[in-house]
Amino acid sequence: MDIDPTEVEAASTKKLYQGVCDRFEQNASFMKLDAKVHAIMSQPKAELMIHFPVKMDDGSYTLFKGYRIQHNNLLGPYKGGMRFSPEVSLDEIKGLAMLMTLKCSLAKLPLGGAKGGIKYDPNEHSMDENQRIARRFTLALGNNISPSYDIPAPDMGTNAQYMDWMMDTYHNLYGRKIEDKAVVTGKSIACGGSAGRASATGYGAVYCLAEWAKGNGIPLKGTRFSIQGFGNVGSHAALKLEQLGARLVAVNDHTATLINPEGIPAAELAHYVQQQRGIKGFQPEHEVDDINLFWTKETDFMVLAAMESTVNELNAGLIRTRLIVEGANGPVTTEAEEIVLKKGIQIIPDILANMGGVIVSYFEWVQNRNSEYWNGETVDEKLREKLIAAYHQVETVSKEQGLSMRNAAFVEALTHLEEVYLKRGVWP
């Protein structure tokens, strides 16, 4: 079956927020979620939209639009990334914020859910302009962020450097206390970041995958996997899988599709992508023009580490793998999930598979608040412990209640939130 890539791209524009809401409603109905908890969880507590001017290198001024959605803080301070992308929208941020609430609940972290971003492309601006944009946005957010209220982190289009700028801006404007470092996570090590933060999401996805493989009697050595998206999450997942003996045979990103049955060296590709910002040109003899060849490549595991809604009803039927691992947020639409599950392909959902990032962000926050520093081995051990515990909680609910892993993850997360709400009550 031939699929027009332009049709796939059009189908991928389905709003993430609607998909998250649909899944929330489905699982709330299934578990008979308490009515008041249902009402509270269905909408964010606060939606901030900020327009702010920034001086460009040529002396002109540009007006930028920024968002911060604070979905829920029952369990602790709002927590969530800052996405700088021309595709950022209010609905996208709202959907991601709800996923963060569920993710933190599932991980049993004392954190709530939030998300934010600016609608612009950092790649079209100089480093100086990006610094002024990040700092001006931090100023505009004002006391809507703080180490004990709302704690941003990196996301698409941002990295440790942006978090360093945001932390420094906040520190100079509002705090000047030791714990000010904890206002954001994902910082550079020099500025108070945690060992293992950069690799946490990718490694966490692999730890879930490894538990699934163990439970299904599949040794990882000799298995084949594909990855969509080879940025921070995808590259670290590939490196860890390669260390465990698996072979990368297909990669797709925004620049090219690469298929090599003999294996693609993950470490070399990761180094290449850092320099070139894409996989195009790494092994030109193995590049293919048709992205459908990526979806149809037979593998044991597929890691989705790119954008939301990349697997939809137009390409889901092409996929030939045993397991999909959602390293990205919302990469499989609700329609596509039905198709994939009917084919017997299992899915480790985003709120479980990619929770490694927020877990190590929590570790960074704890270290900053306590003026501590944990080495990489300690962080990785604690990360594995939390992830494996969450995986088996979801697996147990899935088996006991006959649910998909995604629905089981939603039910487990909502059950924890419901229990806390019912014990604390809704005041006044």
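The values are calculated or read from the model by the stated rules, or taken from the named source; none is laboratory data. Small disclaimer: the values here were computed from a predicted structure and weren't measured. Every residue, glycine among them, receives a Cβ derived from its backbone with ideal geometry; neighbour counts consider all protein chains shown.
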- Just wondering, is there one or more residues in segment 77-96 that are assigned by TED's automatic domain parsing to the domain that holds G402, out of contact with any helix residue (DSSP H, G or I) (no Cβ under 9 Å at 6 or more places or on another chain) and modelled with pLDDT under 95? no
- Message: Being over 14 Å from A153 (Cβ atoms) and in contact with a Lys or Arg (Cβ under 7 Å, 6 or more places away or on another chain) is the filter here; which residues of segment 347-380 pass it?
- Response: I347, P349, I351
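Let's see how each residue does on (1) within 26 Å of G157 (Cβ to Cβ); (2) polar (S, T, N, Q):
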| site | (1), (2) |
| --- | --- |
| C208 | yes, no |
| A213 | no, no |
| N216 | no, yes |
| G222 | no, no |
| S226 | yes, yes |
| H236 | yes, no |
| K240 | yes, no |
| R247 | no, no |
- Note on the structure: Filtering segment 35-56 down to residues that are surrounded by fewer than 18 Cβ atoms within 10 Å (Cβ to Cβ), of a type outside the set (A, V, I, L, M) and in contact (Cβ under 8 Å) with a residue 40 or more places away in the chain yields K36, E47, F52, P53, K55
- Note on the structure: Apart from one, (1) in contact with an Asp or Glu (Cβ under 9 Å, 6 or more places away or on another chain); (2) in a helix (DSSP H, G or I); (3) among the aliphatic types (A, V, I, L, M) all hold for A270; the odd one out is (1)
- Looking at this structure, is V233 part of a strand (DSSP E or B), outside the structural domain of K79 (by TED's automatic domain parsing) and either in contact (Cβ under 8 Å) with a residue 60 or more places away in the chain or in contact with a Pro (Cβ under 9 Å, 6 or more places away or on another chain) (or both)? no
- Is segment 415-426 home to any residue that is among the hydroxyl-bearing types (S, T, Y) and closer than 13 Å to M355 by Cα? no
- Would you be able to say whether some residue in segment 215-227 is assigned to a helix (DSSP H, G or I), under 30 Å from E335 (Cα atoms) and either in contact (Cβ under 8 Å) with a residue 60 or more places away in the chain or of a type in the set (K, R) (or both)? yes
- Task: Identify, from the list T158, T185, the residue that is surrounded by 24 or more Cβ atoms within 10 Å (Cβ to Cβ), farther than 22 Å from N73 by Cα and β-branched (V, I, T).
- Result: T158
- If a residue has to be farther than 26 Å from N407 by Cβ and touching an Asp or Glu at 6+ places or on another chain (Cβ under 8 Å) to count, how many in segment 352-366 make the cut? 1
- Query: So, of the residues in segment 140-162 that are part of a helix (DSSP H, G or I) and touching a residue at least 60 places away in the same chain (Cβ under 8 Å), which turns out to be farthest from Y120 (Cα to Cα)?
  - Reply: N144
- By residue number, the members of segment 273-287 that are more than 27 Å from the chain's Cα centre (by Cα) and part of a helix (DSSP H, G or I) are P284, E285, H286
- Task: Determine whether segment 181-193 contains at least one residue that is part of a helix (DSSP H, G or I), touching a Phe, Trp or Tyr at 6+ places or on another chain (Cβ under 8 Å) and charged (D, E, K, R).
- Result: no
- Message: One residue is enough: does segment 212-224 have a residue meeting the conditions at pLDDT below 95 and surrounded by fewer than 19 Cβ atoms within 10 Å (Cβ to Cβ)?
- Response: no
- Task: Could you look through segment 344-379, keep only residues that are under 18 Å from the mean Cα position of the chain (by Cα) and among the charged types (D, E, K, R), and pick out the one that is surrounded by the most Cβ atoms within 10 Å (Cβ to Cβ)?
- Result: E364
- Within segment 239-249, restricting to residues that are touching a helix residue (DSSP H, G or I) at 6+ places or on another chain (Cβ under 6 Å) and closer than 8 Å to F225 by Cβ, the one that is surrounded by the fewest Cβ atoms within 10 Å (Cβ to Cβ) is L248
- Task: Using the structure shown, decide if L387 is under 15 Å from the mean Cα position of the chain (by Cα) and of a type outside the set (G, A, S).
- Result: yes
- Query: strands (runs of 3 or more DSSP E) wholly in segment 288-383 with at least 3 residues that are at pLDDT 95 or above and aliphatic (A, V, I, L, M) - which ones?
  - Reply: 301-304, 323-326
